[in-house]
Amino acid sequence: MIKRPVGLAEIEAELIFNSRPIDRIEVDLAHINKNARSSVTAIEVWEIVVFNLSDATAEVTDSKRYNSWECDYFVIEVRHKAKWFKLVCCICNDKPRTLGVMTFYRI
């Protein structure tokens, strides 16, 4: 299993992203809100993800291998409260039904 940051917020979800069923979202709030660059909650990130990524398709931006495991990374521009943001997320093959959200910032 891939080592993940401590303290991830885990939220149940129900969406299809890139033709894959997703039933959990892991949110790295410590990284997203680092240095007070934003102040979103895990529920806000969940709403943004479900609203913008349900039934969506995105190209893999990068892939990384961690021993025998692999993660696909996505950088996606989303609209939230009339502003544009960049959402960086991943799907790893050790938890194929979990979408990890690493960062979310205004562009």
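Where a number appears in this text, it was derived from the coordinates with a stated rule and is not lab data. Predicted model, so just to flag it, every value in this text is computed and none were measured. Heads up, the Cβs are rebuilt from the backbone with ideal geometry, glycines too, and the neighbour counts pull from every protein chain shown.
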Subject >> Check: the chain dipole with +1 on Lys, Arg Cβ and -1 on Asp, Glu Cβ, in debye >> reply: 440 debye
Original post:
Measuring from label point to label point, each 7 Å out along Cα→Cβ, what is the K83 to A36 span in nm?
Top reply: 1.5 nm
**OP:** Return the single residue from K64, K95, K86 with maximal mean-square fluctuation; model: Gaussian network over the chain, springs between Cα atoms under 10 Å.
**Re:** K64
Original post:
Build a GNM of the chain with springs between Cα atoms under 10 Å: which of D62, D28, D72 gets the top mean-square fluctuation?
Top reply: D62
Original post:
Using alpha carbons only, how many degrees (0 to 90, rounded to 10) separate the axis of helix 42-53 from the longest principal axis of the chain?
Top reply: 80 degrees
Subject >> Sum of -39500 (n - 2.57) over DSSP H runs of 4+, divided by residues of the chain (222 nm, nearest 500) >> reply: -4000 deg cm²/dmol
Original post:
Counting alpha carbon pairs within less than 8 Å and at least 6 residues apart, what relative contact order, in whole percent, applies to the chain?
Top reply: 27 percent
Original post:
Which residues does a label at D94 reach in region 10-30, if reach means a backbone N under 19 Å from a point 7 Å past the Cα toward the Cβ?
Top reply: 10-11, 23-29
